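The values are calculated or read from the model by the stated rules, or taken from the named source; none is laboratory data. Note that this is a predicted model, so its numbers are computed, not measured. Here the Cβ is made from the backbone with ideal geometry for all residues, glycine too, and neighbour counts use every protein chain on show. To get the accessible areas, we keep the full protein, side chains included, count just its heavy atoms, and leave off ligands, DNA and RNA. Shrake-Rupley method; radii C 1.70, N 1.55, O 1.52, S 1.80 Å.
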Amino acid sequence: MSKIKTLNAERLSLIGFSLLFAYVLSFQFEGQVLYSLLELSKTDSDSYILLAIIAHFAGLFTSGIFIKSETSAKRMMLGGMGLCLIATVSFYFPLPTLWLIALLISGYFSGAAVAAWGYFLRAYTAKNERIKTCADALIYSNLLMIAVNVLAMNRSPLIGLSLSLLCLLLGMIFIGLLPQEQELKEQKSLSKKASASIKKPLFLLCLFVFIITINSGLMYQVFNPAFAHLTGLVSWYWAVPYIIALVIMRNLPRKVKRSGILYIGMAMIMGAFISFMLLGRDTADYLIVDTLMLGACGIFDLFWWSILGEMLDYGENPARTFGIGLSANVFGVLCGGVMGMAVTSIGLPGAEVAVIALAVVCVTLVMLPPLNRQLVLLLKNHAYLETYDTMSRSEQTNIVRQIKTLDPLTTREQEVLHEILSGKSNREIAETLFISENTVKTHARNIYSKYDVASRSELISNLLKNQTAE
Amino acid sequence: MDSIRKRRNLYALLLSVSILLALLLGAIISRQAALFFAAASLITLFLLLRQSRLCSDAGLIRDNRILQVPAALISIENSHTKRPCEETIVSTFGILIGSDIYRWGLKGIHGIRLHSVEIDRERMHLTFGDKSQIMNLDLLHGLTRKEAVQDAAEKLWRETGVRADISGWQEISET
């Protein structure tokens, strides 16, 4: 019975979020509806678009301050979506000044509402299933966005606006139907224990996301205007490669190493910018450029969304973790957008713009391997520490014994190693063993030397490899 | 330990004075004088950093003490010279003899390591070093009870992984 209930809650949460995200994609966050409305009223779109993105970034980044429980997350989603609804209604009236205020409000509260979903993603989706839930949310929201875009671009922007509002309204209904459930005690204790160690992986993830999405920002500003004359095709094909990439990534067998696919994604981005530089502006050219670029975006987006989803278990506040992670994406788009606006405003030719984009890709390419390695290593460690902590003392001892050392550990070093593997910080180990923190650090260094590793992460990773190889 | 700390404080004072003089003389008298004191500041900074490192190591040794004795005799293998020393602390990570520090176990298997420990009725003989040099240290341990010796040996085993060879105590208990 409870399983059915959780399943329903998971579906409700997924549909509710997909509808909210469809509104964000089609209207608030560089949506075609917003572009069409601004074009229709002959208003300078850049300032409006930038304001909306900045407000959205602020909402995502600060949401963790006031969303501190599942109840407040639900309230924020409903209240935020309600405020977005009211603010967006102003776009039916030709009042550009009011639109600025409306975008500020809707941008901020849509960001906060998106971040709040972190609570429901953690509560209703099993740990290793979050990649599928994230993929589903992105696929559904993009399909809805395509439908809204087609109508907005080919029929009337006001029809598109009405559909965006309908998405928001339906999303509110689905989120309102979500049950109020107490969070699992286990989950809380796990979060509390691991919260101290989430800062580094989250920072690394944000850096990764930021760099990757600079290209998306550039793409919005450079590709879109270049192919604006293909309105009919752009309205529906734009996100199709993105959705296909998501479907492929979602259904990949577990054995497939997803991190390797990132390099394919990187090559696709490079291919997209080179094609943009060499090819013309016809339908076939658009199909090639868009397929490469949006396909790569799908690969990268699902990669970091799923990592962010898994990270929710290791922070006390999932809205904060989810919000900060997504804000890095928005910040990357913002920086890429500003770069794009700068290069288009000074009238740089397409070839030079592509060279700038390729330079960004090269920087990303250099940074990708160490970032990816650190990130995957740290997440593996989290997963391992959790498993290690639930083992019996004899099982823990066996795991440690199975790994060969260059020199035997002393009794004191064995004690320190056990505490390290229990996920304790140096300070906590010092308190447990009644020794100074400096002593713990020196013992830890000696342990690393005896295992021939350079860091705590590497030590834990070696233990993990040993365990999985059995 | 105190002498290391005092020297560190002296270097810190010298550094502050030389920086102050470099700034004052540079502004008032001449650039050459300022350069001279700037160079002096750099040298003092280097000495201060080195002394701070020693102070930190000494603190680590003191915090993890296994045995503290009032006098010691130190000798180097393949050399017949022996040197009397002041108050000595034997610890998990090395020995502090007055203001001299002999470290082991600070860099794991790649650094200086403790090789053996022998304890008799009067002395404790320690051998430590790396591939390039082996040091021998004789301490007058001043322990009169067998339990205290066993306790020190147990601590050494637990903390450093080296089992002490105890001799000369069996005869006493038998007589």
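Structure summary
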{"item": "Region A:1-183, relative contact order in percent, only Cα pairs under 8 angstrom and at least six apart counted", "result": "41 percent"}
{"item": "Over region A:241-343, relative contact order from alpha-carbon pairs under 8 Å, at least 6 apart, %", "result": "33 percent"}
{"item": "Mean projection area, nm², convex hull over Cα of region A:1-183", "result": "9.8 nm²"}
{"item": "Virtual spin-label span in nm between residue B:56 and residue A:365, 7 Å along Cα→Cβ", "result": "4.0 nm"}
{"item": "Residues of region A:21-45 with amide N under 15 Å of a point placed 7 Å along Cα→Cβ from residue A:100", "result": "A:43-45"}
{"item": "Total formal charge among the other residues, if their Cβ is under 14 angstrom from that of residue A:237, Lys/Arg +1 and Asp/Glu -1", "result": "-3"}
{"item": "Cβ-derived FRET efficiency at R0 56 Å, residue B:5 paired with residue A:252, nearest 0.05", "result": "0.35"}
{"item": "Order of exposure, largest accessible area first, which applies to A:419, A:458 with probe 1.4 Å", "result": "A:458, A:419"}
{"item": "A:45, A:141, reordered so the largest accessible area comes first (probe 1.4 Å)", "result": "A:45, A:141"}
{"item": "Theoretical FRET efficiency, 1/(1+(r/R0)^6), r = Cβ-Cβ of residue A:126 and residue B:49, R0 41 Å, to 0.05", "result": "0.20"}
{"item": "Under 13 Å, Cβ to Cβ, from residue A:81 - net charge with Lys/Arg +1 and Asp/Glu -1", "result": "+2"}
{"item": "Taking chain B and dividing mean pair separation by its residue count, relative contact order in percent (alpha carbons under 8 Å, at least six apart)", "result": "17 percent"}
{"item": "Solvent accessible area, Å² - residue B:69, 1.4 Å probe, full protein context", "result": "0 Å²"}
{"item": "Residue A:200 paired with residue A:244, simple spin-label distance in nm, labels 7 Å along Cα-to-beta-carbon", "result": "4.1 nm"}
{"item": "FRET E, pair residue B:130, residue A:267, Förster distance 56 Å, beta-carbon r, rounded to 0.05", "result": "0.70"}
{"item": "Span-rule helices in chain B, defined as complete DSSP H runs reaching 24 Å or more along the axis (Cα) with Kyte mean at least 1.0", "result": "B:2-28"}
{"item": "Cross-link table A:450/B:107; A:127/A:424; A:450/B:131; B:107/B:131; A:200/A:424; A:199/A:424, entries beyond 19 Å C-alpha to C-alpha", "result": "A:127/A:424"}
{"item": "Accessible area, probe 1.4 Å, largest first, for residues A:62, A:432, A:410", "result": "A:432, A:62, A:410"}
{"item": "Net length gained if the chain between residue A:233 and residue A:355 were fully extended (0.36 nm per residue, minus Cα distance)", "result": "41.3 nm"}
